[in-house]
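The values are calculated or read from the model by the stated rules, or taken from the named source; none is laboratory data. Here the structure is a predicted model, which is why all the values come from computation and not from measurement. Every residue, glycine as well, gets a Cβ built from its backbone with ideal geometry; the counts of neighbours run over all protein chains shown. Surface areas here come from the heavy atoms of the whole protein model, side chains and all, with no ligands, DNA or RNA. Shrake-Rupley method; radii C 1.70, N 1.55, O 1.52, S 1.80 Å.
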Amino acid sequence: MRVIVPLQGVVQGRGGLVLGSLIPCALYYLLQLYLKRRRPDHNPPPASGNSPPAGKFPEVPVLPRSLSRTHLSPRSHGGPAHVSGRVNLILKGGDSPYYVGLRKVSEDPYEEFDNPDGVVQLGLAENKLSLDLVQDWLVENAKEAILGRGGSHWELSISGIASYQPFDGLTELKLAVAGFMSHVMGNSVSFNPSQIVLTAGASPAIEMLSFCIADSGNAFLVPTPCYPGLDRDVKWRTGVEIIPVPCRSADNFNLSITAMDLAFNQAKKRGLKVRGIIISNPSNPVGNLFSRETLYSLLDFAREKNIHIVSNEIFAGSARGNEEFVSMAEIIESEVLDRERVHIVYGLSKDLSLPGFRVGVIYSFNENVLAAAKKLTRFSSISAPSQRLLVSMLTDKKFVQKFIDINGERLRRMHHKFAAGLEELGIECAKSSGGFYCWADMSRLIFPYSEKGELELWERLLSVAKVNVTPGSSCLCIESGWFRFCFTTLSEKDIPVVMKRIRNVTETCKSHS
């Protein structure tokens, strides 16, 4: 203030000329002298007789900017940059064995010739059995599908792939997806394109529905065992909780309405508001199909409790038994009331082997949910080139029928061979009619019979056998010793390799028991 006031006086014409002029100069001189003494001499004086050439001035050391800023800045270090509490919760949560296994595979993936000692992937729901069919179609049609064709020359429709498009999906793709969904479900139900919202994958679709249906702190009932990533999809950004509804091996892990009612009442006692039920049909990881009677009972339960139903039917076209697949959309078609409480999730990652295209579907009968979801897709829209390509692929009826037929046959054959291989090792699998998994009972191989024993076996399978599977605890299974094996990541010639690796671990477990 003693320096500033005289300067202020000069500006305002009230004197202080001497102080306002001399004090800043003196301070500046003292500061320069101080810095000069502390600065190391990086440029020693030249040897005698070496004078600068005529006409050139000797170089003068430049005051280092960083040094002067360090001394001049009054600020101290403020510590690490702040992040939100939401981020801290995500980081503190840690990774479940499901994600640890996926990371191990990415670091050391098995390759028959290039890396035969790598980790075999049996933890990721990816269908590689029919990628050759997709590849053949893309080689033949991708250029035309994305760029368009004009006469005898290729013409780039730049406005169709480079300009902004509707965030919730192109109308042409909604029509094509509606037709494909009906096709894979045996044409037992039709889908209205105006009730479709397209998202960048099924996970964003589930998150958007959670956001639209429930508030932070509310909850969904979820039959377990369930998809191991569902808690992240539902909870991370919405703050909505999951309440497990345990299903048991004695009933082949089929859903019980009695168990659903018990879970609902327990949540109510804890002060939690239950806003809906999330089911997977076919179920993940078991592979059960919901019967028509169970779906009607679920709808009655939702009506009684005044809650919503989210039916994840992403494996609808991957049913591989003689059992009938029934969509919740078919159930609701015959109902005049309560349609607005039913929402269906679908995608092309499973039934069309296209997880990298990131295509998810919300199909809802609730106008408010649809309107909100359309706005939310600005954060999760599908790229225009991908949409243009998929319109062409899904409207190619010959390709779609060929893919459904061949992929279905390959799924059935691969499941039979993989389950038979596990059975030879003394490992039984739950009865399954859909999806990409064998839900295997390895409880005889764990000691102690607990989650701890289960995770110890999982660790041996991952580090010793170098086989990545998903332990039941990651799927919120109430019974210890169950494991999810995804067989669609393999070829038939990989099965003996996998079984040999698993046998090495199981024999060790038997010898120690």
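Here are the numbers:
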item	result
Of residues in the stretch 480-511 being buried (at least 19 other Cβ atoms within 10 Å of the Cβ) and assigned to a loop (DSSP other than H, G, I, E, B), the one nearest to the chain's Cα centre (by Cα)	Leu490
Selection status of Lys268, within 21 Å of Ala214 (Cα to Cα), surrounded by fewer than 23 Cβ atoms within 10 Å (Cβ to Cβ), in contact (Cβ under 8 Å) with a residue 12 or more places away in the chain and not aliphatic (A, V, I, L, M)	no
Any chance Ile478 is among the β-branched types (Val, Ile, Thr) and in contact with a strand residue (DSSP E or B) (Cβ under 7 Å, 6 or more places away or on another chain)	yes
Any hit, the stretch 463-470, residues being farther than 17 Å from Phe253 by Cβ, among the basic types (Lys, Arg), part of a helix (DSSP H, G or I) and open to solvent by 20 Å² or more (accessible area, probe 1.4 Å)	no
Pair list, Cβ < 9 Å and 6+ apart or interchain, from the stretch 380-399 residues that are in contact (Cβ under 8 Å) with a residue 40 or more places away in the chain and on the phi > 0 side of the Ramachandran plot to residues that are assigned to a helix (DSSP H, G or I) and open to solvent by 50 Å² or more (accessible area, probe 1.4 Å)	none
Those helices (runs of 4 or more DSSP H) lying entirely in the stretch 105-204 with at least 1 residues of a type in the set (Asp, Glu) and either buried (at least 16 other Cβ atoms within 10 Å of the Cβ) or at pLDDT 95 or above (or both)	171-184
Residue in the stretch 226-246 that is part of a loop (DSSP other than H, G, I, E, B), over 26 Å from Lys374 (Cα atoms) and in contact (Cβ under 8 Å) with a residue 40 or more places away in the chain present	yes
Residue within the stretch 346-361 that is open to solvent by less than 10 Å² (accessible area, probe 1.4 Å), at pLDDT 95 or above and over 27 Å from Asp136 (Cα atoms) present	no
Qualifying residue in the stretch 412-431 (condition: assigned to a loop (DSSP other than H, G, I, E, B), open to solvent by 40 Å² or more (accessible area, probe 1.4 Å) and not hydrophobic (A, V, I, L, M, F, W, C))	yes
Candidate set: the stretch 382-411, residues that are among the aliphatic types (A, V, I, L, M) and open to solvent by 40 Å² or more (accessible area, probe 1.4 Å); chosen: the one nearest to Asp351 (Cα to Cα)	Ile404
Criterion (open to solvent by less than 50 Å² (accessible area, probe 1.4 Å), at pLDDT 95 or above, touching a His at 6+ places or on another chain (Cβ under 9 Å) and of a type outside the set (A, V, I, L, M)) met by exactly one of Cys438, Cys475	Cys438
